[in-house]
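Asker: Shown below is the structure under consideration.
Values in this text are rule-based calculations from the coordinates and carry no lab data. This one's a predicted model, so the numbers in the text were calculated from it and none came from an experiment. Cβ atoms come from the backbone with ideal geometry, glycine included; neighbour counts cover every protein chain shown.
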Amino acid sequence: MKWPLLLLSVIVLVLSPGLTLSQSKTTEPKAKESGGGRFMKDSWITTKTKTKLIADGRTKARRITVDTTDGVVTLLGKVGSEKERAAAEEVTRKVKGVKGVKNALQIVPDSSRKAVDARDDEIEKAVMERFQKDQPLKEADIKVRSDAGVVTLMGKVPDSRVKNRAADVISKIPGVKMVRNDLH
């Protein structure tokens with residue numbers, strides 16, 4: 001491994017919350033069909049994608065969240081231009097093991113970023129407050145992210161009724177432009 005790539009890998013590990021050292025091995029784990037193996041492979045793809053986004057330089061990778069499920073990478077966050085959005089998708093598609101890319105990056109010019117970030121924080125707070133008042137949603141393992149009013153739901157729920165309920169509750173919150181329901 002070349003030193004610059006090793007350094008980038010270390011940076012990614014520091015910037016990627018939730019990763020543990022056991023998920024950061026320098027050799028790619030073999031794909032397994034079991035749940036643990038799939039998680040390991042997805043974590044590896046996420047790490048490689050984030051590393052390549054940092055190394056590419058056409059994107060501000062720290063603004064991009066990478067989430068991988070069954071080899072499909074979802075890009076979330078706010079970027080400054082369509083060119084940066086396209087570059088992030090291009091880099092991601094070239095990562096070994098990536099089966100598909102869901103590009104949910106929102107274009108927000110730097111001049112508007114503070115106001116949009118503040119509004120997104122308000123939306124996320126409102127969503128969590130509504131979920132806490134709804135028993136099935138309160139008990140579900142749901143992560144919420146808002147990017148320029150586009151709310152993404154990730155996590156696991158017990159059934160499709162709870163999945164649909166989550167989207168319905170969110171769609172009524174002021175400022176929500178769209179709901180991406182990626183609940184499983």
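Asker: Can you check what the Kirkwood hydrodynamic radius comes to for region 61-184, Cα pairs only, in Å to one decimal?
Answerer: 15.2
Asker: Subtract the Cα-Cα distance of GLU139 and LYS83 from 0.36 nm times their separation in residues, and report this length gain in nm to one decimal.
Answerer: Taking 0.36 nm per residue and subtracting the Cα distance, the gain is 16.2 nm.
Asker: Oh, and also: Given LYS48/LYS102; LYS50/LYS138; LYS52/LYS83; LYS96/LYS163; LYS83/LYS172; LYS99/LYS125, which pairs have Cα atoms separated by over 25 Å? Show your work: numbers first, answer last.
Answerer: Values: LYS48/LYS102 16 Å; LYS50/LYS138 31 Å; LYS52/LYS83 17 Å; LYS96/LYS163 31 Å; LYS83/LYS172 32 Å; LYS99/LYS125 33 Å.
Going by Cα-Cα distance, LYS50/LYS138; LYS96/LYS163; LYS83/LYS172; LYS99/LYS125 fall outside the 25 Å limit.
Asker: Round to the nearest 0.05 the FRET efficiency obtained for ARG130 and VAL98 when R0 = 22 Å and r is the Cβ-Cβ distance.
Answerer: About 0.05, to the nearest 0.05.
Asker: Any chance you could get the radius of gyration and Dmax over the Cα atoms of region 112-183, in Å?
Answerer: 11.7, 38
Asker: Name the aspartates and glutamates eligible as straight-distance cross-link partners of LYS41: C-alpha to C-alpha under 20 Å, and not fewer than 8 places from it in the same chain.
Answerer: Of all the aspartates and glutamates, those that pass the test against LYS41 - Cα under 20 Å, at least 8 places apart if same chain - are GLU28, GLU33, ASP67, ASP70, GLU89, ASP182.
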